[in-house]
Amino acid sequence: MRITLAQPTDLPKLLAFREEAAAWLRELGSDQWSRPYPADRLLTTIESGTVFMVRDGATTAATITLTPEAEGGLWTDEELSQPSVFINKLTVARTHAGQDIGGRLLNWAGDRSYRAAAVWLRLDAWTTNAGLQRYYLRQGFSHVRTVTEGGAINGGPRVSGWLAQRPAQAATHGFLDETPAPEPVPLSH
C-alpha cells in the first residue's frame, strides 16, 4: 500500500468515505459525522495539500488529514506554543477494516510529524464516542482533557472535544510514502 496526496479528483471518494463511516457509526449508535461535510470545504482542504490517501492498488483504503493548525477553542496558548501536527478525518474503508491500517496510518502521521520537527501529534475525537477514545488510547495517545460546549477556550461548539496527544516520533509503518517531504511545523503562537 502507498500513501499519496489527495487530488481534487478524489473529492467524490472522500465524501463517500465520510458517508460510509457515518452510516457505520449510526449502526453503532453514534451520532458522529451525522451532518454532511460541505464539499467546498473539503475541496479547499485537498487543495491545501493536507489530505492524504492510502491506496491499495486502484482502491482507496483510508484517508487522513494532517494540519499544523488546531481547531479553535480546544488547545491552550501554552499547548499551542509547542510545535504540533493535528489529525483530522482519519477514515478507513470498511472493506479494509480489521487490518490495522488506522494504527499504521497513525504511526506514519507520527513519523511525518517528527520529520517536520513537531513535538506532538494531537487530535480531537468525538466527545461521546467512547469506543473511538479507547482506540486512540490503545494507539499510545494520552487523554489531555475533554472540552465541552461551555468549557471551550474562546467559545465555540464542542461535539468533538475529547483531546489527546502522543509524542511525534520516528516510526515504521510499512507504507510506500509517495508524498513530498513535510515542511517544518511553525509555532502557532
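The table that follows gives values for the structure above.
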{"quantity": "Packing-based ranking, highest mean first, of 173-182, 60-69 given that Cβ atoms within 10 Å are counted", "calculated": "60-69, 173-182"}
{"quantity": "Whole-number percent relative contact order across the range 48-189, with pairs defined as alpha carbons under 8 Å at least 6 apart", "calculated": "29"}
{"quantity": "Full-stretch length increase - Leu5, Asp40 - with 0.36 nm per residue and alpha-carbon distance subtracted", "calculated": "10.8 nm"}
{"quantity": "5 angstrom amide H check on Ala171, placed H, neighbours 5+ away", "calculated": "Asp111"}
{"quantity": "Highest average packing first - 138-148, 115-125, 47-57, Cβ atoms within 10 Å", "calculated": "115-125, 47-57, 138-148"}
{"quantity": "Two-site FRET efficiency, Thr59 against Ala130, from Cβ-Cβ distance with R₀ of 35 Å, rounded to 0.05", "calculated": "0.70"}
{"quantity": "Residue-count net charge about Ser142 - beta-carbon cut-off 15 Å; Lys, Arg +1, Asp, Glu -1", "calculated": "+3"}
{"quantity": "Alpha-carbon centroids, the range 90-136 and the range 35-83: separation in whole Å", "calculated": "12"}
{"quantity": "Virtual spin-label span in nm between Thr179 and Thr148, 7 Å along Cα→Cβ", "calculated": "3.5"}
{"quantity": "Relative contact order for the range 55-134, counting Cα pairs under 8 Å that sit 6 or more residues apart, in percent", "calculated": "32"}
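Here, each number is a calculation from the coordinates, and none is a lab measurement. What you are looking at is a predicted structure, and each value in this text was computed from that prediction instead of being measured. For neighbour counting, all protein chains shown are included, and Cβ atoms are generated from backbone atoms with ideal geometry for every residue, glycine included.
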